[in-house]
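The structure appears right after this line, and notes come after that.
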Amino acid sequence: MIASFASWVTLSWGWRRRGVAIAAGLITVLGFPPFSFPLVLFVTFPVLVWLLDGALEGDGETARVRRMRPAFAVGWFFGFGFFLGGLFWIGEAFLVDAAAHGWMMPFAVAAMAGGMAIFYGVACSIARLMWTEGAGRVAALALAFGVVELARGFVLTGFPWNTLGYSLTAYTVTMQSAALVGVYGLTVFAVLIFGAPATLADAQPSKGFIVLNGALLLAIFGYGAWRLTIDIPASDDEPLRIRIVQANIAQDQKWLPENRASIFSTYLDLSRGSTRETTSIGDVGDAPPPPDIILWPESAPPFLLDHEPGALQAIGDLLQPGQHLITGANRVEGAIVGDDYTLFNSLYLISDFGEILDRYDKVRLVPFGEKVPFEDTLKRVGITRLVSIPGTFDAGRSPKLLADALVPPFRALICYEIIFSGTLLSGLERPDWIVNVTNDAWFGTSIGPPQHLHKARVRAVELGLPVIRAANTGISAIITANGELSQSIEVNQRGVLDGLIPDILPETTYSKVGLIILIPIYIYTLLIWLVDVRRSSRRQMR
């Protein structure tokens, strides 16, 4: 039965072939949060392998082109289905101001899916050049995807959303292997594991290869189960209490001038613990002591905070002695002259005197949200930033840690900066915790916010650090150093979350060596390919 289905897929042609590739890509999305059903990949990745088996063109072309061009098409259509299903939620952002941007929604979603699919087309082209008749072709595909998915995190500022390795992080237990190899290492393992059943349809099934990858999957489960039994060592210091404020301000209301005062008052009231619609309190009782730190989300004040001394004074009046506020806020460097000024998407650490102690400027700006590539050219055809402001956003100069005498050092990550794996602590001392502030109101109740949260959980595992997350409309959360959700407030709820900042775990292998860990993984995969190439040569000599 498997052989018959494989033959049907391999021999499919024309639009039927493209349809199978798109359908396989779409179904693959079900293996990722919030669906988290990775078993579907045991079907979709063999289908991809069988489609590549049949990726040949007619006479008159060189052997190299005969392999690369149809393989690129298979990978592109598979990727188009995958990214269309996994990224359709970005279209929600164009409906916030539908009159100005609504017309761009279908084009933007299709363009994003098509652009991302190019990477998968390249991966399949590379793999097809290394193609064998046995298990080696799955190893070639794993190696190619491993390299190309890494490139996707860096090319044109990078957008590593739903990297294939996330399919092995659907469950907390399997997520733990990210502490060893990171999500990019898991990408190689995912293609090996989920692609292995394709060899069952071969004339000579590679049983050893299937057993090897079955053992790899069991090792991932086993390591995760063991790691989750390790007690996180308690710090000698008194744990800090934190209050996360989720104001749930609708995006189309946030920047209206007439709403500024009421929005700011909402944050102040919630920070005092009043007017709560939803409250989540940790193990601190019904009347918790006042928090040491209050956390507001990305760009919480709907104005330039450092240009409003009255607002800073109100924050100083809000905070009790020794308390601190951490908040996202836009800021302007230098004087404002008409519409000619430069904005930074920043995060402030503020004392109980209403004094800005330190700040971090967002380094990675959201493409088409905060900065449009080739903006002057694209303006001529009506494509503009979704954030409608007179000035322009500029990127911060470098990552940094923030701290104060009563606030342990933390790494600030604004919005989608949390999705970048392997480089978050480059050149920095190891912090005690990660602060992630975001505004996912752009994406409503779509699958975008839970996907974003999941990536924060994986970063916690990779770094062995707790992540404290404040999101304007949710999902705000306290995430332990092993990626578990300690507490959270769901989407579209207003309230506060009171809890303790979790302790850290010992430095993980991945946080120590970073992306260098990929080298032995690539070598391991290449050796599997070489062994199969040698076996194929021996069979041909008989």
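The values are calculated or read from the model by the stated rules, or taken from the named source; none is laboratory data. For clarity, every value in this text was computed on a predicted model and none was experimentally measured. Note: ideal-geometry Cβ built from the backbone for every residue, glycine included; neighbour counts use all protein chains shown. The accessibility values were calculated without ligands, DNA or RNA, using every heavy atom of the protein model including side chains. Shrake-Rupley method; radii C 1.70, N 1.55, O 1.52, S 1.80 Å.
A few comments on the model shown:
- The length gained by stretching the chain between residue 253 and residue 355 to full extension, at 0.36 nm per residue less their Cα-Cα distance, is 33.9 nm.
- Look at the alpha carbon pairs under 8 Å that are at least 6 residues apart: their mean separation over the length of the chain gives a relative contact order of 16 percent.
- Rel. contact order, % - alpha carbon contacts under 8 angstrom, at least six apart, the range 470-542: 19 percent
- Applying 1/(1 + (r/R0)^6) with R0 = 56 Å to the Cβ-Cβ distance of residue 216 and residue 404 gives a FRET efficiency near 0.80.
- The 3J(HN,Hα) values that the Karplus relation (6.51, -1.76, 1.60; θ = phi - 60°) gives for the range 472-485 are, in residue order, 3, 10, x, 9, 7, 6, 10, 10, 6, 5, 9, x, 7, 7 Hz. Gly and Pro appear as x.
- Calculated P(r) over Cα pairs in 10 Å bins from 0, in percent (choose from (i) 4, 18, 27, 24, 16, 8, 3, 1, 0; (ii) 3, 17, 27, 27, 17, 7, 1, 0; (iii) 3, 15, 21, 21, 16, 10, 6, 4, 2, 1, 0, 0), label: (i)
- The length gained on full extension between residue 56 and residue 107, counted as 0.36 nm times the residue separation minus their Cα-Cα distance, comes to 15.2 nm.
- Degrees separating the helix 518-541 axis from the principal Cα axis of the chain, which is the longest one: 10 degrees
- For the chain, the solvent-accessible area with a 1.4 angstrom probe is 41 square angstrom per residue.
- Nonlocal Lys pairs with alpha-carbon distance under 22 Å, the chain (8 or more apart, or different chains): 10
- In a simple Cβ point-charge model (Lys, Arg +1; Asp, Glu -1; nothing else charged), the chain has a dipole of about 2940 debye relative to its Cα centre.
- Förster-model FRET efficiency, 25 Å R0, residue 16 and residue 203, C-beta, rounded to 0.05: 0.55
- Taking the average, over residues, of other Cβ atoms within 10 Å as the packing measure, peptides 307-318, 461-472 rank 461-472, 307-318 from highest down.
- Label-to-label distance for residue 230 and residue 531 is 2.8 nm, based on points extended 7 Å past Cα in the beta-carbon direction.
- Here residue 261 and residue 238 are evaluated by their C-beta separation; at R0 = 35 Å the FRET efficiency comes out at 0.45.
- Rolling a 1.4 angstrom probe over the chain with all protein chains present gives an accessible area of which 61% lies on carbon and sulfur atoms.
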